[in-house]
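**Q** First the structure, then my questions, so here it is.
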Amino acid sequence: MRAFVHRLAIIIGIVLAAVLTARPIEAQIRIKDIADVEGARDNQLVGYGLVVGLNGTGDNLMNALFTRQSLVGMLERLGVNTRDLENNLMTKNIAAVMVTANLPPFVRNGEHIDVTVSSLGDAKDLTGGTLMVTPLLAADGEVYAVAQGALVTGAIVAAGAAQKVTRNIPTTGRIPNGATIEREVPFDFANLRTLHLGLRNPDLTTGERIAAAINRTLGGGVARVSDMRTVTLDLGGRDPVDTLARIEDLTVVPDSPAVVVIDEATGTIVMGANVRISTVAIAQGNLTIRVTETPQVSQPGPLSGGQTVVVPRTNVQVGDDRNRKLAVLQSGTTLQDLVSSLNSLGVGPRDMITILQSIKAAGALQAELKVQ
């Protein structure tokens with residue numbers, strides 16, 4: 001019995017040692033999630049239109065002259081002549097808007113896409129409005145879609161005599177499936193002889209891993225790395241659609257450079273997994289200055305003929321945390337070690353930003369520091 005317990009203890013010890021010393025399993029990411037097929041991309045569309053049917057929350061036609069001119073032009077195209085009465089148009093149920101949309105690849109004539117509608121003038125609320133027929137143009141000046149439909153803003157505006165509450169943005173809305181495709185973007189995908197995969201995060205190591213995974217599946221020599229962003233596939237007579245369907249679900253472990261991103265406006269710090277730091281000594285202290293104003297009113301006695309005056313009272317306090325010591329931040333082998341070491345100093349995100357910038361200036365931060 002004792003021998004069995006002894007052997008069991010040895011086995012448990014070996015298992016625990018293996019678990020504690022094992023490296024964490026790195027995430028396997030599909031190729032379709034980290035690379036795009038070059039040439040198959042979205043195209044931006046933009047148009048100018050009018051939203052009608054607003055409940056008195058549209059543009060002021062005396063201020064937004066382009067809205068009034070657009071209204072006159074639209075009515076003339078519909079057979080209503082208001083040119084001579086342009087100055088008398090006072091309706092506030094109309095608003096000039098910009099309409100934007102993304103044209104996905106491989107869409108066909110007659111399909112529908114979503115559009116975003118944004119106020120261009122001084123309209124207060126687009127809720128309940130209807131967008132009139134608006135051509136959407138691409139960068140080449142050609143019309144690729146036509147938008148029309150009822151807006152959905154998702155905004156709530158409640159107002160009283162002395163207070164107004166607004167939730168979300170009432171001057172921007174969307175029209176689901178609000179645009180109809182009128183022109184296709186030509187892209188002959190089926191007859192391609194070469195495929196180019198563009199990495200969303202350029203990296204040579206990641207490119208080599210993608211090429212190796214593809215070559216293991218399709219055979220050697222099919223994929224090669226052209227540059228930091230591009231992996232080129234020589235199809236050699238293979239069907240491009242079948243080839244892409246076979247490789248897009250292959251998984252690789254993407255590599256990433258050591259980067260620390262700092263947003264000083266919000267106090268946000270984001271560190272990559274490969275961030276390392278050399279041994280460095282840090283002393284961080286807080287100097288706090290507090291100025292408090294408590295003015296008092298000096299009131300004269302009754303019938304004294306004096307005046308009521310405000311007497312200033314200012315209290316200035318200076319605090320210096322003298323308990324902070326010079327601390328040695330050991331060389332971090334992992335991101336967890338680095339974060340734990342910085343947290344052990346008892347500093348907040350704002351102070352940590354200053355510390356990271358100082359560590360980088362001292363040459364001890366082995367990573368790129370990006371300040372936004």
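The values are calculated or read from the model by the stated rules, or taken from the named source; none is laboratory data. Here the structure is a predicted model, which is why all the values come from computation and not from measurement. Note that we place each Cβ from the backbone using ideal geometry, even for glycine, and neighbour counts take in every protein chain shown.
**Q** Inspect the range 66-79 for any residue being without any contact (Cβ under 8 Å) to a residue 12 or more places away in the chain and part of a loop (DSSP other than H, G, I, E, B) and give the result as yes or no.
**A** yes
**Q** Give the range 42-94 a look and list any residue that's exposed (fewer than 14 other Cβ atoms within 10 Å of the Cβ) and basic (Lys, Arg), or say none.
**A** ARG77, ARG83
**Q** Would you pick out the residues in the range 226-243 that are surrounded by 15 or more Cβ atoms within 10 Å (Cβ to Cβ) and farther than 17 Å from ILE29 by Cβ?
**A** Of the range 226-243, the ones surrounded by 15 or more Cβ atoms within 10 Å (Cβ to Cβ) are 229-233, 235, 238, 240, 243.
Passing the criteria: THR230, THR232, LEU233, LEU235, ARG238, PRO240, THR243.
**Q** Also: Being on the phi > 0 side of the Ramachandran plot, loosely packed, with under 14 Cβ neighbours inside 10 Å and outside the structural domain of LEU356 (by TED's automatic domain parsing): is that true of GLY220 here? Explain how you work it out, then say what you get.
**A** Values: on the phi > 0 side of the Ramachandran plot: no; loosely packed, with under 14 Cβ neighbours inside 10 Å: yes; outside the structural domain of LEU356 (by TED's automatic domain parsing): yes.
Criteria not met by GLY220.
**Q** I want to confirm something. Restricting to the range 284-305 and keeping residues that are at pLDDT below 70 and surrounded by 10 or more Cβ atoms within 10 Å (Cβ to Cβ), which single residue is nearest to GLN357 (Cα to Cα)?
**A** So in the range 284-305, the residues at pLDDT below 70 come out as 284-293, 303-305.
Those still in the list that are surrounded by 10 or more Cβ atoms within 10 Å (Cβ to Cβ) too: 284-286.
Details: GLN284: 13, GLY285: 16, ASN286: 17 Å.
Taking the candidates together, the pick is GLN284.
**Q** Do any strands (runs of 3 or more DSSP E) lying entirely in the range 157-201 carry at least 2 residues that are among the hydroxyl-bearing types (Ser, Thr, Tyr) and either surrounded by 15 or more Cβ atoms within 10 Å (Cβ to Cβ) or within 22 Å of the chain's Cα centre (by Cα) (or both), and which ones are they? So that I can check it myself, show each step before the final result.
**A** Details: elements: 164-167, 172-181, 194-199.
Once the strands (runs of 3 or more DSSP E) in the range 157-201 are filtered for at least 2 residues that are among the hydroxyl-bearing types (Ser, Thr, Tyr) and either surrounded by 15 or more Cβ atoms within 10 Å (Cβ to Cβ) or within 22 Å of the chain's Cα centre (by Cα) (or both), what remains is 172-181.
**Q** What number of residues within the range 37-68 are within 16 Å of GLY173 (Cα to Cα) and polar (S, T, N, Q)?
**A** Adding up the residues that qualify gives 2.
**Q** In addition: Tell me, which strands (runs of 3 or more DSSP E) wholly within the range 308-372 include 2 or more residues that are at pLDDT 70 or above?
**A** Values: elements: 309-311, 314-320, 327-329, 368-371.
Output list reads 309-311, 368-371.
**Q** Run down VAL80, VAL157, VAL97 and say which single residue is at pLDDT 90 or above and among the β-branched types (Val, Ile, Thr). Please lay out each step first, then the result.
**A** Working: VAL80 fails: at pLDDT 90 or above; VAL157 fails: at pLDDT 90 or above.
Answer to the selection: VAL97.
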